[in-house]
Every structure is written in C-alpha cells, then in structure tokens.
Amino acid sequence: MRKCLFACVLVFLYAILQAQELQDSLGKYSYLVQIDKRCKKTQATGFFARYQQRLFFISAAHCLTGWDPVEFRPIENFPDTIFIRLSNDTSNVSFLPLPVAGIKKKAKPFHQLEAPDVVVVEIKNGKKYKVNSVEAFFTEEVPCEFASKVLVSGYPYENESDDYLKVRQQPLTMGTSLDNTYCIYPYRPDVKLYDRLHYFTSFKEADISASGLSGAPAYLLTKNETIVFGGIFIGGVNTRSGRGMIVRPEYVINKIMARIMNE
C-alpha cells in the first residue's frame with residue numbers, strides 16, 4: 001500500500017514538474033513586433049501558427065492595421081512596414097519585415113465589442129522560416145470547471161527603457177488564477193453591454209496597460225496540469241491596475257481558420 005502511495009506521489013510530482021517546465025518554455029512562442037529595427041517606437045507581441053506548409057502570423061489587429069478599436073479612429077502616422085524579431089538570441093538579432101499597407105487598406109473599422117481585435121497574416125515562403133508555432137496547443141473549448149489558471153507571454157517594456165535593452169529584451173510569462181469572467185459573460189458598465197468576446201484577468205505586475213503585451217498569446221492551465229491555447233491578450237484595462245483583457249480562444253481559432261479557408 002505504501003509503495004503504491006509513494007508511486008502515485010512520484011507520478012503527481014513528475015506531472016507538476018513537467019507542467020512547470022512547459023510553462024517556463026512558453027516564451028519561445030512569442031515574438032517581438034517593432035515599428036522599426038531600432039526599437040524607437042511602440043512595440044507589440046505576436047505569434048505564429050502553421051497549417052500544413054503554410055505559416056501565419058497572429059497579433060492584435062490594432063497593432064498591425066493602424067485602427068484604434070477603443071477610440072474608433074485611425075492611428076496617426078501608422079507605418080507601412082513593421083518588423084518581427086525572429087529570435088531571442090541577442091547575439092544575432094534578425095527581423096522579418098512585414099508589409100502592412102495592404103492590411104491597413106483592407107481593415108474594416110470595428111469597435112472592441114463588435115469584433116475580435118485579432119488579425120491573421122499569411123507569411124510568404126513560410127517554409128523557409130524556422131519559428132516556433134502554437135497550433136499544438138489548439139483544442140476544444142475548455143469547460144469552466146476544468147480551467148484553473150491563465151498565462152500570458154509577451155514583451156512588456158517601459159517607455160523610458162534604454163533602446164539597446166528594449167530591442168534585446170526577453171519574453172516575460174505572467175500567470176494568475178482565472179476569475180469568474182472566463183465562466184460567464186462579464187457586464188461592461190462602461191458600454192452597458194455584456195461582453196461575449198473577452199474575459200478579464202488581473203496580474204500582480206502593476207502596469208500592463210501601456211506595455212508591448214498587446215497581441216501576446218494566452219494559455220489556459222487546466223486542473224489536470226495540461227496547457228492549452230487561451231486566446232490573445234489585447235491590452236490593460238486601467239493604468240497600474242494589472243487588469244487585462246483577453247480575446248476568448250474560440251474567436252481567435254475561428255479567425256485563423258477563416259483566413260485559411262478564404263485562400
């Protein structure tokens with residue numbers, strides 16, 4: 001009996017260790033998005049997904065389209081090309097230029113509550129890029145009673161940070177318990193509507209509202225220590241509150257599949 005109990009404990013501890021190692025490795029799936037290679041201007045986060053031989057880049061729509069879904073207006077002087085940093089190897093920083101002029105023209109104006117703040121872009125000649133992609137984390141919607149924690153991995157930064165350090169920063173993975181907005185559609189008193197697109201969470205990190213976390217992939221940790229795709233973080237709600245908004249995973253996956261099927 002004792003041997004059986006001891007074996008069960010070992011299996012349980014091993015599962016926890018494996019889950020922790022996986023959590024620690026989530027940063028490799030997140031990619032830094034910059035307005036220019038020198039990191040002089042606002043940045044964001046994005047990630048890749050593969051479908052057969054095709055490669056897609058996903059981020060928050062407002063980060064690539066030049067449209068502000070909160071203020072409901074175009075972002076002034078938004079560039080025609082942005083840059084994706086392809087490696088966290090700071091000794092050999094390389095970038096993938098991503099033309100967004102066509103994306104800006106095709107982008108339909110939308111409000112945050114009317115459509116998911118998500119954009120999916122196919123990368124030409126995707127086979128030649130050796131990048132980490134998240135499709136292995138896609139699954140059916142996780143029932144409320146099975147989800148215990150949310151993790152977000154991206155590139156927050158301080159505006160006053162040194163440019164050299166900003167361009168070489170490593171992804172930060174933050175985790176916190178899910179609140180009840182994942183289980184129910186939260187009521188938004190600011191617009192007097194129930195929000196069906198997002199769930200909310202609070203991180204111990206105080207200020208995520210002005211960071212480069214927008215577009216970062218989110219993951220759900222289930223009660224059996226499995227990690228699955230959890231949506232896209234699209235920004236903080238209130239300055240220094242640590243409270244952030246995440247597009248629900250089913251909307252993100254549907255957006256990716258719609259982009260694939262429309263080709």
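Assorted remarks:
- Proximity of backbone amide H atoms, modeled 1.01 Å from N, is registered between D36 and K41 at under 5 Å, excluding neighbours fewer than 5 places apart on the same chain.
- In nm, spacing of pseudo-spin labels at K130 and S202 (7 Å Cα→C-beta vector): 4.5 nm
- Protection proxy ranking, highest mean first, for peptides 174-186, 99-111: 174-186, 99-111, where packing is the per-residue count of other beta-carbon atoms within 10 Å, averaged.
- Length released on extending from E114 to R73, taking residue separation times 0.36 nm less the Cα-Cα span: 13.3 nm
- From most to least packed by mean Cβ count within 10 Å, the peptides 225-234, 115-124 give 225-234, 115-124.
- Take 25-31, 48-54 and order them by the average number of nearby Cβ atoms within 10 Å per residue, most first; the result is 25-31, 48-54.
- Net charge dipole, region 20-261: roughly 860 debye, given to the nearest 20, about the Cα centre with Cβ charges of +1 for Lys and Arg and -1 for Asp and Glu.
- In this simple spin-label model, placing a label point 7 Å from the Cα along the Cα-to-Cβ direction at both Q170 and S148 gives a separation of 2.6 nm.
- Amide H to amide H, with H built 1.01 Å from N, A216 comes under 5 Å of T45, F233, counting only residues 5 or more places away or on other chains.
- Nonlocal amide H pairs with S87, under 5 Å, H built at 1.01 Å: S94
- Dipole orientation for region 20-261: of the candidates A61, F229, G126, G126 has the Cα lying most toward the positive pole (charges on Cβ; Lys, Arg +1; Asp, Glu -1).
Since every read-out is calculated from the coordinates, none of them should be taken as a lab result. All values derive from a computational prediction rather than experimental measurement. Note: ideal-geometry Cβ built from the backbone for every residue, glycine included; neighbour counts use all protein chains shown.
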